[in-house]
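To start, the structure itself, in structure tokens.
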Amino acid sequence: MSMSHSQLTRRNLLATAAGAALTVPMINRAWAQDPTDINMLAWYGHAEPDIVAEFEAQNNVKFVPKYYAGGDNMLALIAQSPPGTYDIILSDAEFVQQLNAAGYIEELDASLFPFDDFWPEYQSFPGHWTGDRLWSVMVRFGLLGVSYNTDILSSDEASSYNAYWNSKVAGKVGHFDWHLPSLGQISLLNGNRDPSPFDIGEDAWQAVQEKTLSLKPQVGGYFDYGGTFSSLKNGEMLAMCGIGDWITGVLQKDGAPVASVIPEEGGIQWTESYSIGKGSTKQEIANKFIQYMLSPGGQVRSIQMAAYPGLSPTKSGWQAIQDANPAEAERSGLIEGHDQSPRKLLAEKRLFLRDIPRQQTLEDWNDFWSEYKTA
Amino acid sequence: MARKPSIYPYFWRAPLLIWQGLFFVGPLILMVAMSFWLVRNYRMEPDFVLANWERMLTRDYFWSAYQVTFLRASIAAALASLFAFPASYALAFLVSETTRRWAIFFLIVPFFTSYLVRVYAWQVLLAESGPVNAVIGFVGLGPFTMLNSGFGAMVGYLTLIMPLVVILQTFSLAAIDRNLIEAAWNLGASPRRTLVRVIVPAAKVGLILGAVFAFILSFGDFVSPFYLGGSKPPTLSILIIDTTKSGQQWPRAAVVAVMMILTLFTVAFAAVGAAYRRNA
């Protein structure tokens, strides 16, 4: 009697589990055994209930997240911890090579993951493979372009990075306070497309610096994650350099008059992928979680992640979001032939992968960023 | 016969010494040492190199940030002292003892809430679409850009330091021997002359300490220049954050921190020296 009562309670809870943070401890309590902890190193949001609650309940595990802010920060956290501290690591794709070079991640078994289901463009992502050895699996990505206040700028006006110099946004252009995306965008505006805005020679780098400095009179501030949100939302900033839908998508849900477009000069793609930490004793369940995140259901969660939305690299993910939330599929262009479809942008060579500087050091770019901020 | 030295005073002093040793002197030594370390592959390695010092002290952006920080903290200290003085004067001389006690209580109340929370409140108030601009709009002015500017940062600094400055000034003014003021009156000094020649010199220690605290708190503050000043331009505390974020350069950040501490020591010693110097 009491058993069936408790099962009923559990079933009820399971039904509402997804997205309901408070239910997680209760589900766990209902299990006879204590759940296994899985240590995750990730950007904020990836171990929150809207993403992991269902998986936790199904597998009797509990994610213990350590959130970082930026690739440098991530590398430092791993470097300072003993091997095996992190079971699963979500990293920006441009840092996977460094993770691998430093021996921080385990080799993965490619046969475990549905690469057939990936769109061809994303099957062999640079840096994730060395020859046919797999080190990391792409799970989501997003696009950086011009983010703007739709009451002030039209989408036509925003469709070039020159929008940042528009007199209508004088003193109201914000920067997401990280040099890579902002300088990458200016580099694109300067026409550095071949091979990439991050692979530029000394003259082009000089020109990027000069162009960036000419933006200074328009700049209203430099913001962290929270500051970027609030300054766009309250209209304090009217255009934001270095971000994209991962911020404006969340604000749009809140009804703020903001949007992001991929301008004619091209956009920048950020990519997030999962790796398994070196020496992890929970590789089996970590693999299972990566499979879960790549499943249609996992992709729908990722696309609509509460902390920040991301796009799906899989065919079934596109289909699943079209079925589950057609409006979101339309908004984010996850429909074949859609005008803002990331595959179309990629085919038209209007998208470039965010990267670390190839001909200068990260330090050079950092230094210039500090100079720019004090200029 | 020599007196047997007593361990009694040392016993009572020990907790303070241990506390300061563990949580101030220890970390300070570590930080100074760290400024000579190296970072390899995002990992700090103990070393003794001057590279961090050479690098930071030859960057223009370090000195720009230094100037901005010093100037802003000086202005904040001066403004806070000026604005606080009439209020402190009134509390010390013009109101009843009961009113003064209540006033002091209400000056302490702001410390009940986190400074960060109060700064977030200013973000709402000072926004272009916020209430302050709405009021200014009634008389047909504005809207003014107050956030993400030096003005915004200054509002934040004053939020942080003003109550403390008023409290320190009030206590020092209230402690002045009234006989001195009466004597000045009896000898025919005008109110202004009494203020300048008697009251201010007698309260000098408290006035200077108030300004020094204001300077120290503003100089090291991160919250106001970041959340109300929009990092435009960055101050030294923001530069520390930037430096640690980029390539985990804690040793270079330690250089900035050591420079800040040296500055604060210099200012504090100079000010305390001035406060307790006997007038010729």
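Per-structure values
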{"read-out": "Spacing of the two label points (7 Å from each Cα toward its C-beta) at residue B:50 and residue A:170, in nm", "value": "4.8"}
{"read-out": "Rounded accessible area of residue B:43 (nearest 10 Å², 1.4 Å probe)", "value": "110"}
{"read-out": "Percentage relative contact order, the stretch B:49-276, counting C-alpha pairs under 8 Å, at least six apart", "value": "30"}
{"read-out": "Local electrostatic count, residue A:195, Cβ distance below 13 Å [Lys/Arg +1, Asp/Glu -1]", "value": "0"}
{"read-out": "Amide H within-cut-off set for residue A:258, under 5 Å, with H built and near neighbours excluded", "value": "A:150"}
{"read-out": "Solvent exposure ordering (accessible area, 1.4 Å, most first) of A:301, B:277", "value": "B:277, A:301"}
{"read-out": "Cα centroid separation - the stretch A:124-173 against the stretch B:130-182, whole Å", "value": "42"}
{"read-out": "Accessible solvent surface per residue of the stretch B:49-276, calculated while the other protein chains remain in place, 1.4 angstrom probe, Å²", "value": "48"}
{"read-out": "Coil-residue GluC sites (Glu not before Pro) of the stretch A:339-375, DSSP, other Cβ within 10 Å capped at 15", "value": "A:348"}
{"read-out": "Computed E for residue B:95/residue B:57 - FRET, C-beta separation, R0 41 angstrom, nearest 0.05", "value": "0.20"}
{"read-out": "For residues of B:36-46, the mean tally of beta carbons on other chains within 10 Å", "value": "3"}
{"read-out": "Probe 1.4 Å, all protein chains present, accessible-area order of B:221, B:47, A:156, largest first", "value": "A:156, B:47, B:221"}
{"read-out": "Hull shadow area, averaged, the stretch A:211-364 [alpha-carbon convex hull, nm²]", "value": "12.2"}
{"read-out": "Using a Förster distance of 41 Å, the FRET efficiency for residue B:144-residue A:213 (Cβ separation, nearest 0.05)", "value": "0.95"}
{"read-out": "Heavy atoms of residue A:281: accessible area, 1.4 Å probe, square angstrom to 10", "value": "120"}
{"read-out": "Hits among lysines - C-alpha to C-alpha of residue A:172 under 28 Å, sequence gap 8 or more where chains match", "value": "A:211, A:216, A:233, A:253, A:373, B:232, B:245"}
{"read-out": "Lys/Arg +1, Asp/Glu -1 at C-beta; the stretch A:116-271 dipole; positive extreme among A:209, A:221, A:270", "value": "A:221"}
{"read-out": "Options B:211, B:139, B:14, ranked by Cα towards positive dipole end of chain B, top entry (Cβ charges)", "value": "B:14"}
{"read-out": "Estimated inter-spin distance, residue B:112 and residue B:83, nm [label 7 Å along Cα→Cβ]", "value": "2.2"}
{"read-out": "Accessible heavy-atom area order of B:45, A:202, A:56, highest first, probe of 1.4 Å", "value": "A:202, B:45, A:56"}
{"read-out": "Peptide-level mean, for A:364-375, of C-beta atoms on other protein chains within 10 Å", "value": "5"}
{"read-out": "Convex hull of the protein assembly as shown built on C-alpha atoms - directionally averaged projected area, nm²", "value": "43.4"}
{"read-out": "In the B-A interface, the accessible area buried, summed over both sides, Å² (probe 1.4 Å)", "value": "2400"}
{"read-out": "Percentage, to the nearest whole number, of Cα pairs in the stretch B:1-147 over 27 Å apart", "value": "64"}
{"read-out": "Heavy atoms of residue B:208 accessible to a 1.4 Å probe, total area in Å² rounded to 10", "value": "40"}
{"read-out": "Carbon and sulfur %, accessible surface of the stretch A:60-152 computed with the full protein complex present, 1.4 Å", "value": "52"}
{"read-out": "Overall form of chain B per C-alpha gyration tensor (a/c, 1.5; a/b vs b/c)", "value": "oblate"}
{"read-out": "For residue B:156, net neighbour charge (Lys/Arg +1, Asp/Glu -1) across residues whose Cβ lies under 12 Å away", "value": "+1"}
{"read-out": "Cα-based equivalent ellipsoid, the stretch A:268-355: semi-axes from gyration tensor eigenvalues, Å", "value": "26, 17, 10"}
{"read-out": "Three-way shape label, the stretch A:209-270, alpha-carbon gyration tensor, a/c 1.5", "value": "oblate"}
{"read-out": "Within-15-Å neighbourhood charge of residue A:298 [Cβ basis; K, R +1; D, E -1]", "value": "-3"}
{"read-out": "Cβ-placed point charges (K, R +1; D, E -1), dipole of chain B about Cα centre in debye, nearest 20", "value": "700"}
{"read-out": "At least 30 Å² accessible surface lost relative to isolated chain, residues of the stretch A:227-258 (1.4 Å probe)", "value": "A:234, A:236"}
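The values are calculated or read from the model by the stated rules, or taken from the named source; none is laboratory data. Being a predicted model, the structure only gives us computed values, none of them experimental. For neighbour counting, all protein chains shown are included, and Cβ atoms are generated from backbone atoms with ideal geometry for every residue, glycine included. What goes into the accessible areas is simple: the full protein's heavy atoms, side chains included, and nothing from ligands, DNA or RNA. Shrake-Rupley method; radii C 1.70, N 1.55, O 1.52, S 1.80 Å.
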